[in-house]
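Here's the structure, in structure tokens; my notes come after.
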Amino acid sequence: MSTSPAADGSPAWFKSSYSGGNETECVEVAVTGDDVLIRDSKRPGAALVAVQAETWVGFLETLRHGR
């Protein structure tokens, strides 16, 4: 997984490994400095969610521990 921006400066997006088992339920994530961007892979040009990296890490930790 690369978090470096693409050659054109756009974020490097990657699909979540926990997205559904089919291609219709995918979430993509990109790390951009202090923020994490989240979008629907089916609609990459639509609105996205941006959260602080610290908030994203806390969210992932909560998921890992089943809380």
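Out of all the residues in the stretch 23-30, is one or more of a type in the set (D, E, K, R), surrounded by 10 or more Cβ atoms within 10 Å (Cβ to Cβ) and modelled with pLDDT under 85? Within the stretch 23-30, one or more residues are of a type in the set (D, E, K, R), surrounded by 10 or more Cβ atoms within 10 Å (Cβ to Cβ) and modelled with pLDDT under 85. Hey, can you tell me all the residues within the stretch 32-57 that are surrounded by 11 or more Cβ atoms within 10 Å (Cβ to Cβ), in contact with a Phe, Trp or Tyr (Cβ under 9 Å, 6 or more places away or on another chain) and not in a strand (DSSP E or B)? The one that is surrounded by 11 or more Cβ atoms within 10 Å (Cβ to Cβ), in contact with a Phe, Trp or Tyr (Cβ under 9 Å, 6 or more places away or on another chain) and not in a strand (DSSP E or B): Ser41.
The values are calculated or read from the model by the stated rules, or taken from the named source; none is laboratory data. Keep in mind that this is a model prediction, so the values were computed, not measured. We place every Cβ from the backbone using ideal geometry, glycine too, and count neighbours over all the protein chains shown.
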